[in-house]
Amino acid sequence: SFLRKKCIDDLLIFIMALKEAGHAIVLGIDANETPAEACKNGEIKEGSISWLLQQTGLGEVFDARHNITPNSSTTTPGRFIDRVAVHGIQLQRATVLRAHEPAKSDHLGIV
């Protein structure tokens with residue numbers, strides 16, 4: 001949709017400006033798309049969150065720390081839709097909390 005594309009475009013500009021200024025970055029976002037949904041015919045779709053991470057050079061924390069992504073970031077299996085990505089930060093840990101910690105939600109906490 002137009003608003004989703006506009007959000008991704010604006011985030012791209014903002015993140016690149018932060019990088020240019022030498023800032024460390026942590027992006028946490030409910031992407032409402034799995035990494036698989038961000039691809040078509042084996043290619044990352046332009047305008048997806050995976051594309052944003054690729055364009056900005058932000059590293060998804062689970063890929064960077066564990067070389068895998070969780071099956072889900074929600075209480076629904078197979079829905080890894082919440083993403084945390086970083087730039088300029090040394091990762092020490094990355095994990096998904098149990099359901100309803102620290103708050104009751106259908107999304108799992110990522111720390």
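Taken over region 22-34, residues that are among the hydrophobic types (A, V, I, L, M, F, W, C), under 16 Å from R83 (Cα atoms) and open to solvent by 40 Å² or more (accessible area, probe 1.4 Å) amount to 1. Once region 69-111 is narrowed to residues that are basic (K, R) and either assigned to a strand (DSSP E or B) or under 17 Å from P35 (Cα atoms) (or both), the residue that is nearest to the chain's Cα centre (by Cα) is R83.
Among the residues making up region 1-21, a single one is under 16 Å from the mean Cα position of the chain (by Cα) and loosely packed, with under 11 Cβ neighbours inside 10 Å: D10. Screening Q54, Q92 for residues that are at pLDDT below 95 and either of a type in the set (S, T, Y) or open to solvent by 70 Å² or more (accessible area, probe 1.4 Å) (or both) leaves exactly one candidate, Q92.
Taking every residue in region 87-111 that is over 23 Å from N67 (Cβ atoms) and pairing it with any residue that is among the hydrophobic types (A, V, I, L, M, F, W, C) and in a loop (DSSP other than H, G, I, E, B), at least 6 positions away or on another chain, the pairs with Cβ-Cβ distances below 7 Å are A99/L108.
Within region 14-48, work out how many residues are farther than 23 Å from Q92 by Cβ, of a type in the set (G, A, S) and part of a loop (DSSP other than H, G, I, E, B). Counting residues in region 14-48 that are farther than 23 Å from Q92 by Cβ, of a type in the set (G, A, S) and part of a loop (DSSP other than H, G, I, E, B) gives 7.
I'd like to check something: does region 38-50 contain any residue that is in contact (Cβ under 8 Å) with a residue 12 or more places away in the chain, open to solvent by less than 70 Å² (accessible area, probe 1.4 Å), under 26 Å from K19 (Cβ atoms) and over 11 Å from the mean Cα position of the chain (by Cα)?
Going through region 38-50, the residues in contact (Cβ under 8 Å) with a residue 12 or more places away in the chain turn out to be 38, 47-50.
Keeping just the survivors that are open to solvent by less than 70 Å² (accessible area, probe 1.4 Å) gives 38, 47-50.
Pick out the ones that are also under 26 Å from K19 (Cβ atoms) and you get 38, 47-50.
When the remaining residues are screened for being over 11 Å from the mean Cα position of the chain (by Cα), the result is 38, 47.
Looking for residues that are in contact (Cβ under 8 Å) with a residue 12 or more places away in the chain, open to solvent by less than 70 Å² (accessible area, probe 1.4 Å), under 26 Å from K19 (Cβ atoms) and over 11 Å from the mean Cα position of the chain (by Cα), one finds at least one in region 38-50, hence yes.
The set of residues in region 56-86 being more than 15 Å from A31 (Cβ to Cβ) and not small (G, A, S) consists of R65, H66, N67, I68, N71, T75, P77, V86.
The values are calculated or read from the model by the stated rules, or taken from the named source; none is laboratory data. A quick note: this is a predicted structure, and the numbers were derived from the prediction, not measured. Ideal geometry is used to build each Cβ from the backbone, glycine not excepted, and the neighbour counts take in all protein chains shown. Note: areas computed on protein heavy atoms with side chains; ligands, DNA, RNA excluded. Shrake-Rupley method; radii C 1.70, N 1.55, O 1.52, S 1.80 Å.
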